[in-house]
1. Being at pLDDT 90 or above and among the β-branched types (Val, Ile, Thr) is the filter; apply it to segment 10-36 and report the residue that is surrounded by the fewest Cβ atoms within 10 Å (Cβ to Cβ).
2. Restricting the search to segment 35-52, which residues are part of a helix (DSSP H, G or I), of a type outside the set (S, T, N, Q) and touching a residue at least 24 places away in the same chain (Cβ under 8 Å)?
3. If LEU112 satisfies all but one of (1) modelled with pLDDT of 85 or more; (2) closer than 13 Å to VAL71 by Cβ, what's the number of the condition it fails?
4. Would it be correct to say that ALA62 is assigned to a helix (DSSP H, G or I), over 21 Å from LEU133 (Cα atoms), hydrophobic (A, V, I, L, M, F, W, C) and touching a strand residue (DSSP E or B) at 6+ places or on another chain (Cβ under 8 Å)?
5. Can you tell me how many residues in segment 61-79 are over 11 Å from GLU44 (Cα atoms), out of contact with any helix residue (DSSP H, G or I) (no Cβ under 7 Å at 6 or more places or on another chain) and not charged (D, E, K, R)?
6. Can you tell me which residue within segment 38-54, out of those that are among the β-branched types (Val, Ile, Thr) and crowded, with 19+ Cβ neighbours inside 10 Å, is nearest to VAL151 (Cα to Cα)?
7. Consider ARG174 against the criteria (1) basic (Lys, Arg); (2) over 20 Å from GLY54 (Cβ atoms); (3) surrounded by 17 or more Cβ atoms within 10 Å (Cβ to Cβ); (4) at pLDDT 90 or above: it satisfies all of them except one. Which criterion is unmet?
8. Could you go through segment 133-142 and let me know if any residue there is without any contact (Cβ under 8 Å) to a residue 60 or more places away in the chain and over 22 Å from VAL167 (Cβ atoms).
Amino acid sequence: MGRLRIIAGRLKGRRIRFPDTLVARPTAERVREALFSILGATVEGARVLDAYCGSGALGFEAASRGAGPVVFVDDSADAIDAVRENAERMGIGPSCRFFCGTVLDLVGQAALGEPFDLILADPPYGSEEGAVLARRAVEIGVLRPDGLLVVERDARVEPRVTEPGTVVRVRVARYGRTCLDFYRGAAHGGVG
């Protein structure tokens, strides 16, 4: 059984358990810490989507810092089961929702509810799904007009340029072999 710990907020120190069979690459602790330092107070009260959630570490960090509700999506039933069990064990299950399916298929479906203030996406490294998700989330209104989408990717692979006028990458933060790309709708700028 793999384990991660929540690094800050009201759930600080709590352990996230996930099966060793989970085909996921959990976001490193130092990257999570840097990400949430950048996001700061914008997380509190935010409606958050943890796309490609895997272990759920990003969504749990957001919930620990006052985000809610948090929606977890992954195409692995094992991942979703583990995330649900962790949320229940931590006492935050009622403020979370869980969906098993392909992120790009689920985005935009009414089941996910209202648009999100913050989308945290950790798609498979080497895929173009992060840039596609950023563009689609803005185009169909899954991301609020002033919302922020953060995509984790391999630092050695630059994402393809998104279509002009739809979404803008407003910041890139690099941590070793990991990059975080921050996107907003083209009508909005800045990270905070």
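1. VAL31
2. First pass over segment 35-52, keeping only residues part of a helix (DSSP H, G or I): 35-43.
Restricting the remaining residues to those that are of a type outside the set (S, T, N, Q) gives 35-36, 38-41, 43.
Within segment 35-52, LEU35, PHE36, ILE38, LEU39, GLY40, VAL43 meet the criteria.
3. So the condition that LEU112 fails would be (1).
4. Working: assigned to a helix (DSSP H, G or I): yes; over 21 Å from LEU133 (Cα atoms): no; hydrophobic (A, V, I, L, M, F, W, C): yes; touching a strand residue (DSSP E or B) at 6+ places or on another chain (Cβ under 8 Å): yes.
It is false that ALA62 is assigned to a helix (DSSP H, G or I), over 21 Å from LEU133 (Cα atoms), hydrophobic (A, V, I, L, M, F, W, C) and touching a strand residue (DSSP E or B) at 6+ places or on another chain (Cβ under 8 Å).
5. Looking only at that region, the number is 3.
6. Filtering first and then ranking leaves VAL48.
7. (3)
8. No, there is no match, as no residue in segment 133-142 is without any contact (Cβ under 8 Å) to a residue 60 or more places away in the chain and over 22 Å from VAL167 (Cβ atoms).
The values are calculated or read from the model by the stated rules, or taken from the named source; none is laboratory data. Just so you know, these numbers come straight off a predicted model, no measurement behind them. In this analysis, Cβ positions are derived from the backbone assuming ideal geometry, glycine residues included, and neighbour counts consider all displayed protein chains.
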